[in-house]
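Structure record follows, encoded as structure tokens.
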Amino acid sequence: MTEIFQPEVDRRTLLRRAAAVGLLATPAVGMLSACVGGGSDDDKASDKPKGTVSATNPLGIKEDEPLEIIIFNGGLGTKYATDVDIPSYNKLFPNSKVTFNQTEEIATVVQPRFTAGSPPDMINNSGSKLMDQGALVQAGQVQDLTDLYAAPSVDIAGKTVKDTLIPGTVEQGTFNGKPYVLNYAFTVFGLWYSGKLFKDNGWTVPTTWADFTALLGKMKAKGITPYGYAGANAPYYQYTVILASAAKIGGADILKNIDNLEDGAWKNDAVKQAAAAWAEVGAKFSNKAFLGLKHTEVQLQQNQYKVGLYPSGSWLENEQAKDTPEGFDYQLMPLPSVTTADKLPVTALYAAAGEQYFVASKGKNPRGGMEFLRHMLSKAGAVGFTQLTKTLTVVAGATDGMEISPGLTSGNKALSAAGADTFSFRFDTWYKKLDDELRAATNELMYQGGTADKFCDRMQKAADAIKKDSSIEKFKR
Amino acid sequence: MKHGRYPFIIGFLIVPVAIYGTFVVAAYLQAFQLSFTNWRGFSPDVNYIGFDNFTKLFHDNVFWKAIQHHILLLIFLPLLTIILALFFAFLLNVGGGSKGGRTRGVWGSKVYRVVFFFPQLLALALVAVIFARVYSPDESGLINGLLHQFGGDPILFLADKNLALWSILAVLVWQAVGFYVVLFSAGMGSIPTEIYEAAALDGATRGTLFFKVTLPLLWNTLQVAWVYLGIAAFDAFALVNVMSVDRGGPDGATTVLGLEIFRNMQDYAQFGYASAMGVVLFFLTITFAALTLRVTRRDAVEL
């Protein structure tokens, strides 16, 4: 041992080691970039139809050209692609060989391929390691889907693909005027509870804030944590609730102004009122220890009847499928009205198309990628997806009248009760930095003794900083 | 055989050097190159923007927060680890007094030596997951479960702004101590027993033995330990990424440069900016290593 540490030797070795160890993080960046300046794009003009356009081939794909797709393997699984969509595509184009890949880390697998100039044709950009969609659009890597939306539906006669979708779907994937991304899964957001727990205790769904806090009080008296979300990795769920309340108080334009980075958007009274109302819930009816928990831990506690209400999207039921006890009966309640003078009715809901699918414009077969999306948007594709994932799609009314699961039915009911009063925001995908700041601010508000004023000031400051930053591309809706 | 020596050595080195050159040196160089661009990672073309990334970095609060955390780690990680490791190593080697002219460790020291080394064998990610359970804020956590049994209020180790970084520091120390116990033990083993004997004859207590004999003769080893631990303090990425609330939280209370590099690259697709941070980290580490070696330079005691 001693001879290794002879003074003269160790000083040099050390410096070398220092350079090697200290830089562990640096090469990570360099590695990914190893192909910069490599494959230049030689504009293959692959955007134009290569095959003959016909009634069964409206996008004019070349019938024997292979297609490569990659699906994020998360809460929704990949079975819908392998068992429903690929067979549907191959039924029309038996000679086009489909290469199917799945990954839990989209960016890790796909990002280097964009840099190298050989991306897969159709990509499901999702999960915690998703790629920045705005940056992809900015780099000209995403195919304009206008032709897809104008093409006829695969199995809904007499309608174009666009006609079959829930209104707002195309807009949800539009970046500065062009439809680049298909948001396929339709998510309803609200407070989830166990139908059984409510029935056993004779509790009813509150519509006013006073009834709501009274219910939370009853739960607390029973020894149940009335309300909670996971601060460690899911403050996103809670901020969706806060902003949804703000939209109900002051109208959906509140969210539009936030998305568009309008001056003072965060300091609006509606945002302040919503933040104050929820801060009170956090202080009185939750458990500060949840700040250190992950979403799966809190969700499990709800399955064990230890948590009363949990804010989440309609993917929750499927995500918890294996931990949910018999008879739990997932139910959704829309957010109760905070004031008696809310602009939107109590039935109004946060509902949005999510789960991004896009076609690479510089891939080998962009037309084929669009054709694949056309099959996902067929009625059969939508029904298969909903059956396998218990998640609605953007294909309007595809599963109407089908009994699939209690949570799905409850979400569907809430959605039809809401009618036109649905709203959503988009800043979280446009400006990830703002999303991160809001997560931290929400944790502070709910669990660390923050106030509504501090919350609004902090978010306004973050939004203003992004507005000023010229390196970030801005979007409008 | 002498004439064949260089081709022989080169024959052995060419492959590793080529691999090192491609995957390490070239990657460093490219990180330097990218730090002067606004590359976002999705196109083959890059635009040069001069020192803009570095100016932005200078005004970035999160960056300074990360630097503060590194400074804290830089002070306390080596200090705590070395003190603990020295204490244990002393007990294991000298602490048992001397018998028949040989110094010995406390009873069972051979077993302890192995046990202390165990944490070193666990992958860092595993350590992080285990300690996330130890620190868990509800009664399913090891510590809070015990507190709950005795009716105490839970301690929010990772969810409390003021505790979070210290909780992570404790894990870093826990993981590192074993290795340095072994390192210092080896160093102590090489100190001739006659010196201890002579000192003991002169009536030196255990404390005097430690401060007047062991410590000076271990100086080189200590210096090495300090530099290694200092460099580890510039990392800490794995633990923070896995353990901390809201990745680097709560509210940025545990973030480190490695995590910010990763976040800017992965989440914000700001590869140029992330590279600039990497470059800063490079110079910080190099400066630290050079400084430490300068400041702690002392004439080695020849044995």
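Structure shown: which of A:294/B:65; A:50/A:364; A:178/A:461 lie over 20 Å apart, alpha-carbon to alpha-carbon?
Working: A:294/B:65 25 Å; A:50/A:364 11 Å; A:178/A:461 30 Å.
Cα-Cα > 20 Å for A:294/B:65; A:178/A:461; rest within.
Go through the range A:150-167 residue by residue and turn each phi into a ³J(HN,Hα) via Karplus (6.51, -1.76, 1.60, θ = phi - 60°); whole Hz please, and just put x for glycine and proline.
Listing the rounded values in order: 7, 6, x, 5, 5, 9, 10, 4, x, 10, 7, 3, 4, 5, 7, 8, 4, x Hz.
Return the distance in nm (one decimal) between the two label points of a simple spin-label model at residue A:339 and residue B:284, each offset 7 Å from Cα along Cα→Cβ.
4.6 nm
For the range B:55-295, with every protein chain kept in place, what is the accessible area per residue (1.4 Å probe, Å²)?
Working: 10750 Å² over 241 residues.
Computed with neighbouring chains in place, this is 45 Å² per residue.
Check which residues have an amide H placed less than 5 Å from residue A:67's amide H, if you skip close sequence neighbours.
So residue A:67 has HN proximity to A:97, A:98, A:99.
What number, rounded to the nearest 500 deg cm²/dmol, is the helix-based mean residue ellipticity at 222 nm of chain B, given -39500 (n - 2.57) per DSSP H run of at least four residues and division by all its residues?
Numbers: 13 runs with 193 residues, N = 303.
Per the formula, -21000 deg cm²/dmol.
Relative contact order of the range B:55-295, please, whole-number percent, based on alpha carbon pairs below 8 angstrom and at least 6 residues apart. Could the numbers behind the result be given before it?
Values: 289 pairs, mean separation 62.2, N = 241.
Answer for the range B:55-295 is 26 percent.
Quick one: pull the percent of accessible area on the range B:161-303 belonging to carbon and sulfur, 1.4 Å probe, ligands and nucleic acids left out. Before the final figure, lay out the partial values.
On the way: 3350 of 5370 Å².
That share works out to 62 percent.
Treat every Asp and Glu Cβ in the range A:295-387 as -1 and every Lys and Arg Cβ as +1, leave all other atoms uncharged, and give the resulting dipole magnitude about the Cα centre to the nearest 20 debye. Write out the running numbers ahead of the final one.
Values: 8 positive and 9 negative charges, 134 e Å.
So the dipole magnitude of the range A:295-387 works out to roughly 640 debye.
The range A:323-364 to the range B:212-255: how many Å between their Cα centroids?
44 Å
Per residue of A:288-297, how many C-beta atoms from partner chains lie within 10 Å of its own C-beta, taken as a mean?
Values: counts 5, 11, 4, 9, 19, 6, 3, 0, 0, 4.
Shielding by partners across A:288-297 averages 6.
Can you give the relative contact order of the range B:1-157 as a percent, counting alpha carbon pairs under 8 Å and 6+ residues apart?
It comes to 7 percent, rounded to a whole number.
Projecting each Cα onto the charge dipole of chain A (Lys/Arg +1, Asp/Glu -1 at the beta carbon, about the Cα centre), which of A:177, A:423, A:333 comes out farthest on the positive side?
Toward the positive end, the furthest listed residue is A:333.
So if I place +1 on the C-beta of Lys and Arg and -1 on the C-beta of Asp and Glu, and nothing else carries charge, what would the dipole magnitude of the range B:55-295 be about its Cα centre? I want it in debye, nearest 20. Before the final figure, lay out the partial values.
On the way: 14 positive and 13 negative charges, 150 e Å.
In total the dipole reaches around 720 debye.
Would you mind checking which residues have amide H under 5 Å from residue A:165's amide H? H placed 1.01 Å from N; only 5 or more apart, or other chain.
For residue A:165, the qualifying residues are A:396.
Taking θ = phi - 60°, what integer Hz values does the Karplus form 6.51 cos²θ - 1.76 cosθ + 1.60 yield along the range A:362-375, in sequence order, with x for Gly and Pro?
With coefficients 6.51, -1.76 and 1.60, one gets 9, x, 7, 9, x, 4, x, x, 5, 4, 4, 4, 4, 6 Hz.
How shielded is B:20-29 by partner chains, expressed as the average number of their Cβ atoms within 10 Å of its Cβ atoms?
Taking all residues of B:20-29 together, the mean is 4.
What accessible area per residue, rounded to a whole number of Å², is obtained for the range A:90-206 using a probe radius of 1.4 Å? Could you put the intermediate results ahead of the total?
On the way: 4590 Å² over 117 residues.
Roughly 39 Å² per residue, with all protein chains present.
Residue A:322 versus residue B:121, label points 7 Å from Cα toward the beta carbon: distance in nm?
3.0 nm
Would you tally the net charge around residue A:460, using a Cβ to Cβ cut-off of less than 9 Å, leaving residue A:460 out, and scoring K and R as +1, D and E as -1?
Counting the neighbours of residue A:460, the net charge comes to 0.
Hey, with R₀ at 60 Å, roughly what FRET efficiency would residue B:208 and residue B:149 work out to, going by the Cβ-Cβ distance, to 0.05? Walk me through the intermediate numbers first.
On the way: r = 45 Å, r/R0 = 0.75.
E between residue B:208 and residue B:149, to the nearest 0.05, is 0.85.
Skip the ligands, DNA and RNA, and give the accessible area per residue of the range A:332-410 with a 1.4 Å probe, whole Å². Before the final figure, lay out each step's value.
On the way: 2350 Å² over 79 residues.
Computed with neighbouring chains in place, this is 30 Å² per residue.
For chain A, what class follows from the C-alpha gyration tensor (a ≥ b ≥ c being the square roots of its eigenvalues): rounded when a/c is under 1.5, otherwise prolate if a/b is larger than b/c, else oblate? Please report the intermediate quantities before stating the final value.
On the way: a/c = 1.68, a/b = 1.14, b/c = 1.48.
Taking the square roots of the gyration eigenvalues as a ≥ b ≥ c, chain A is oblate.
Ranked highest first by the average count of other Cβ atoms within 10 Å around their residues, in what order do A:446-456, A:414-424, A:227-237 fall? List each step's numbers first, then the result.
Values: A:446-456: 19.5, A:414-424: 17.3, A:227-237: 25.1.
Sorting A:446-456, A:414-424, A:227-237 by mean packing, highest first, produces A:227-237, A:446-456, A:414-424.
Using a Gaussian network model of chain B whose springs link C-alpha atoms within less than 10 Å, name the residue from B:147, B:77, B:86 with the highest mean-square fluctuation.
B:147
How many percent of the accessible area of chain A is carbon or sulfur, using a 1.4 Å probe? Numbers along the way, then the final one.
Values: 9840 of 18750 Å².
With neighbouring chains kept in place, the figure for chain A is 52 percent.
Would you mind calculating the gained length between residue A:95 and residue A:150 on full extension (0.36 nm times residue separation, minus the Cα-Cα distance), in nm to one decimal?
The span from residue A:95 to residue A:150 would gain 17.3 nm if fully extended.
If a/c stays under 1.5 just call it rounded; otherwise compare a/b with b/c (prolate if a/b is bigger, oblate if not). Do that for chain B, with a ≥ b ≥ c from the square roots of the Cα gyration tensor eigenvalues.
Details: a/c = 2.26, a/b = 1.31, b/c = 1.72.
Oblate, since a/c reaches 1.5 and b/c is not below a/b.
On average, how many beta carbons from a partner chain sit within 10 Å of the beta carbon of a residue in B:39-52?
On the way: counts 5, 9, 14, 15, 13, 13, 5, 3, 0, 0, 1, 0, 0, 2.
Mean inter-chain Cβ contacts per residue within 10 Å come to 6.
So for the range B:1-144, taking the charge dipole from beta-carbon charges (+1 Lys/Arg, -1 Asp/Glu), which of B:43, B:54, B:111 sits furthest toward the positive end?
B:111
Going by a 1.4 Å probe on protein heavy atoms, which residues of the range A:231-276 end up with at least 10 Å² less accessible surface in the whole assembly than in their chain alone?
A:232
Within the set of other residues whose C-beta is less than 13 Å from the C-beta of residue A:259, count the net charge using Lys and Arg as +1 and Asp and Glu as -1. Before the final figure, lay out each step's value.
Numbers: positive: A:256, A:426, A:467, A:474, A:476, A:477; negative: A:171, A:253, A:262, A:428, A:435.
Net local charge, residue A:259 excluded: +1.
How much net charge surrounds residue A:250 when only other residues with a Cβ under 9 Å from its Cβ are counted (Lys, Arg +1; Asp, Glu -1)? Could you put the intermediate results ahead of the total?
Values: positive: A:248, A:343; negative: A:253, A:269, A:342.
Around residue A:250, the charge tally is -1.
Mind putting a number on the dipole of chain A about its Cα centre? Charges go on the C-beta only, +1 for Lys and Arg and -1 for Asp and Glu, and I need it in Debye to the nearest 20.
Working: 50 positive and 52 negative charges, 108 e Å.
It comes to approximately 520 debye.
Am I reading the B/A interface right? What is its buried accessible area, both sides, 1.4 Å probe, to the nearest 100 Å²?
Values: alone 18010 and 21390 Å², together 34030 Å².
So the buried area, both faces added, is about 5400 Å².
Name the residue farthest towards the positive end of the dipole of the protein assembly as shown from the options B:261, B:85, A:365, assuming +1 on Cβ of Lys and Arg, -1 on Cβ of Asp and Glu, about the Cα centre.
Result: B:85, furthest along the dipole toward the positive end.
Listed highest first by mean packing, meaning other Cβ atoms within 10 Å per residue, what order do B:205-218, A:101-114, A:287-300 come in? Display every interim value, and only then the final one.
Working: B:205-218: 15.2, A:101-114: 18.5, A:287-300: 21.9.
By packing density, highest mean first, the sequence is A:287-300, A:101-114, B:205-218.
Sort the range A:298-389 into rounded, prolate or oblate with this rule: let a ≥ b ≥ c be the square roots of the eigenvalues of the Cα gyration tensor; rounded if a/c is under 1.5, and if a/c is not under 1.5, prolate when a/b is larger than b/c, oblate otherwise.
On the way: a/c = 2.82, a/b = 1.62, b/c = 1.74.
Oblate.
The values are calculated or read from the model by the stated rules, or taken from the named source; none is laboratory data. Note that the coordinates shown come from a computational prediction; the quantities given were computed from them, not determined experimentally. All Cβ positions, even for glycine, are placed from backbone atoms using ideal geometry, and neighbour counts span all protein chains on display. Ligands, DNA and RNA are stripped out before the accessible areas are found, and what is left, the full protein with its side chains, is counted by its heavy atoms. Shrake-Rupley method; radii C 1.70, N 1.55, O 1.52, S 1.80 Å.
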